[in-house]
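Read-outs throughout are calculated quantities, based only on the coordinates presented, and are distinct from any laboratory measurement. In this text the structure is predicted, and so the values were computed from the model without any measurement. Neighbour counts are summed over all protein chains in view; Cβ atoms, including those assigned to glycine, are modelled from backbone coordinates with ideal geometry.
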Amino acid sequence: VQLQASGGGSVQSGSSLRLSCTVSGGTSFDYAAAWFRQVPGKEREFVGVISWGGDSTFYADSVKGRFTISRDDAKNLVYLQMNSLNTEDTGVYYCAVNYKWRLPGSDPDLYEYWGQGTLVTVSS
């Protein structure tokens, strides 16, 4: 299974950005997909997760109400729509998937496959 994250860039506070994650090489769509982010010197931080089929989502408090995860299984894509960005949202964003649980939690160790990350920089 390979994951490819894209869509990062440099934006100003208050802007929006949409990240995409292409999931390829799997034999089914029965995976939960999550987004994490990381800044240098800090641990990888959970952003949110979407369940198999896309009917359930769970977000970190820091992004709740601003970020939305969705998926298009026909295109093998998972999205992270980010609105009202602020400087604390700066970081490398990673997508990850889990084929074992319908809606895993926020622990990075629960996720079996990871993308390479895409950088988001938010300036004031």
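So which chymotrypsin sites (Phe, Trp or Tyr not before Pro) in segment 77-116 pass both tests, a DSSP loop state and at most 14 other Cβ atoms within 10 Å of the Cβ?
Of the chymotrypsin sites (Phe, Trp or Tyr not before Pro), the ones in loops of segment 77-116 whose Cβ has at most 14 other Cβ atoms within 10 Å are TRP101.
How about segment 1-38: which chymotrypsin sites (Phe, Trp or Tyr not before Pro) there are in a DSSP loop, with at most 16 other Cβ atoms within 10 Å of their Cβ?
Here the chymotrypsin sites (Phe, Trp or Tyr not before Pro) that fit, given the DSSP loop and packing criteria, are PHE29.
How about segment 46-124: which trypsin sites (Lys or Arg not before Pro) there are in a DSSP loop, with at most 14 other Cβ atoms within 10 Å of their Cβ?
Sparse-neighbourhood loop trypsin sites (Lys or Arg not before Pro): LYS64, LYS100, ARG102.
What does the extension gain come out to for SER10 and LYS64, with contour length at 0.36 nm per residue minus their alpha carbon separation?
Additional length available on full extension: 17.3 nm.
P(r) of the chain in 10 Å steps, Cα pairs, percent per bin?
Binned Cα distances yield the sequence 15, 50, 30, 5, 0.
According to the Cα gyration tensor, what semi-axes, each the square root of 5 times an eigenvalue, does the equivalent ellipsoid of segment 62-124 have, listed from largest to smallest in whole Å?
Working from the Cα gyration tensor, I get semi-axes of 23, 14, 12 Å.
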